[in-house]
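**Q** Below is a structure I'd like to ask you about.
The values are calculated or read from the model by the stated rules, or taken from the named source; none is laboratory data. Keep in mind that what you see is a predicted model, and the values were worked out from it rather than measured. All Cβ positions, even for glycine, are placed from backbone atoms using ideal geometry, and neighbour counts span all protein chains on display. Just so you know, the surface numbers come from the protein's heavy atoms only, side chains and all, with ligands and any DNA or RNA stripped out. Shrake-Rupley method; radii C 1.70, N 1.55, O 1.52, S 1.80 Å.
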Amino acid sequence: MLQAVRNGFSGAPPERLGIAVSGGGDSVALLHILSRCFDPGRLAAATVDHGLRPEAAQEAEAVAAQAAALGIAHTTLRWSGWDGEGNLQDQARRARYRLLADWARAAGLEAVALAHTSDDQAETFVMRLSRAAGVDGLAAMQPRRVVLGVPFLRPALGLSRAALRAYLTRNGLSWAEDPSNQDDAFGRIRARRALELLEDTGLTAEALVRVADNMARARDALDQCTTDAAQEVAKIRHGAVLLEPAGFAALPEEIARRILLRAIGWVAGAEYPPRRAPLAELLAAMRQGNPAGTLGGCRILRNGAGLWICREYAAVRDLTARPGDIWDNRWRLTGPNGHGCEIRAMGRSGLEQCPDWRDIGLPRPAMLAAPSVWEGDHLVAAPAAGRPQQWCATLAVAEDGFFAAPLSH
């Protein structure tokens, strides 16, 4: 079992590794296994207390005691962000990743290990199958995924939940059972129950994991085809994506859809892709050469001989940053004597102060959302509009990110 976990690091474990430990059996087992695989001094553990159950604080304290006994530093991260609205599980999951990513950066950790198992793979497959997911949704979890700039690793994906429980029992280790694991109100628990019923048909968790692996290979092949096609039909212009209409229309629909998803994700920095139905409507209009509208924080339009995917002005009109800081998670503007200045979108007022902006070749919606330097109501500089005034606007996200980045898995 120890070797299986070591193999999850592809022979190159981080010098400083974080471990997310909820107190449940899977994560407690991973904590102990990693303490035997690596020097405990290289490890740090964190428990996220979502504040949703009174027992959670005690469970975090129990994890802290277990970590201390192994010589591993422990931190409890507390979330208090749920207002009672929306999907609790989804919001809690996003908060968990955000808290863990912030913790990892502050602690100087190179990566964070998660205790997902082969059972989690199978349950996720069933949940997504019930939502009629496509190839990407049904593909296996990635052993490595970057969230908010932090690598999250899943070194126990090749192990079953039963194998980890057996490890705990053999070593006399205790763990907590979350009562929500018995609550059929949650989709994952219903998927777990369905898997139990399907066992007798031969549709086992192991079989579904193999299907998910097959889907992952299909996804990777589609991603490569998307990259090749993007190199042919897409260009980057001042932070926007410009598509050649005829070439885009000639692509297989699935490849065109993936290019559009990449463009929206790269331009808007969206964590999650837009919903399938509005995306399909937009794609159909684009392939006919007549797009118009907004989606995922982007404006999509036909301008001249090209199809443009640019930032939506409404999504950035209230964003501000200091010179030298990142604006809209994408742009950094630097220049002389920025004291008293701020970075914000051009907007209509900025365009009025740049009468020659049309000479740049950007459509008006893209120019409205472009970053510029302001001192009060006075436009100091607008590099995108041909008025740099010794200021420089550079993308903090590489252009190669659009051409090479796969979809979020």
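**Q** Residues with beta-carbon under 10 Å from that of Ala104, excluding Ala104: net charge, scoring Lys, Arg +1 and Asp, Glu -1?
**A** On the way: positive: Arg16, Arg105; negative: Asp102, Glu110.
Local net charge: 0.
**Q** Run through the DSSP bridge list for the chain and note the antiparallel percent, rounded to the nearest 5. If you can, show how the numbers build up before the last one.
**A** On the way: 36 of 51 bridges.
Rounded to the nearest five, the antiparallel share is 70 percent.
**Q** Provide the gained length on full extension for the span Thr76 to Arg131, in nm with one decimal, where the gain is 0.36 nm per separating residue minus the Cα-Cα distance. Please report the intermediate quantities before stating the final value.
**A** Values: separation 55, 0.36 × 55 = 19.80 nm, distance 3.43 nm.
The Thr76-Arg131 span can extend by a further 16.4 nm.
**Q** Mind checking which of Leu319, Leu168, Leu282 has the largest fluctuation in a GNM of the chain, springs on alpha carbons under 10 Å?
**A** Highest fluctuation among the options: Leu319.
**Q** Under a point-charge model restricted to the Cβ atoms of Lys and Arg (+1) and Asp and Glu (-1), what is the dipole moment magnitude of the range 304-405 relative to its Cα centre, in debye to the nearest 20? Walk me through the numbers on the way to the answer.
**A** Numbers: 10 positive and 12 negative charges, 18 e Å.
That gives a dipole near 80 debye.
**Q** Further question on the same structure: Choose one answer from Pro383, Pro278, Pro336: the residue with the largest mean-square fluctuation in a GNM of the chain with alpha-carbon springs under 10 Å.
**A** Ranking Pro383, Pro278, Pro336 by mean-square fluctuation puts Pro336 first.
**Q** Right, here's the next one. 222 nm [θ] for the chain, helices only, -39500 (n - 2.57) per DSSP H run of 4+, per residue, to 500?
**A** -13000 deg cm²/dmol
**Q** Would you mind calculating the gained length between Ala221 and Glu177 on full extension (0.36 nm times residue separation, minus the Cα-Cα distance), in nm to one decimal?
**A** My answer for the length gained is 11.9 nm.
**Q** I want the local charge near Gly71. Using Cβ-Cβ distances under 14 Å, sum +1 for each Lys or Arg and -1 for each Asp or Glu among the other residues.
**A** Net charge in that neighbourhood comes out at +1.
**Q** Find out how many positive minus negative residues lie around Phe152, taking Lys and Arg as positive, Asp and Glu as negative, among other residues whose Cβ is under 9 Å from that of Phe152.
**A** On the way: positive: Arg144, Arg145, Arg154; negative: none.
Taking every Cβ under 9 Å from that of Phe152, the sum is +3.
**Q** To the nearest 10 square angstrom, how much accessible area does Asp400 have with a 1.4 angstrom probe?
**A** 110 Å²
**Q** Just to be sure I understand the model, the point goes 7 Å from the Cα along the line to the Cβ. What's the resulting Glu271 to Glu399 distance in nm?
**A** Spacing of the two 7 Å Cα→Cβ label points: 3.0 nm.
**Q** Tell me the angle of helix 276-287 to the major Cα principal axis of the chain, expressed in degrees between 0 and 90 and rounded to the nearest ten.
**A** Long axis of 276-287 versus the principal axis of the chain: about 30 degrees.
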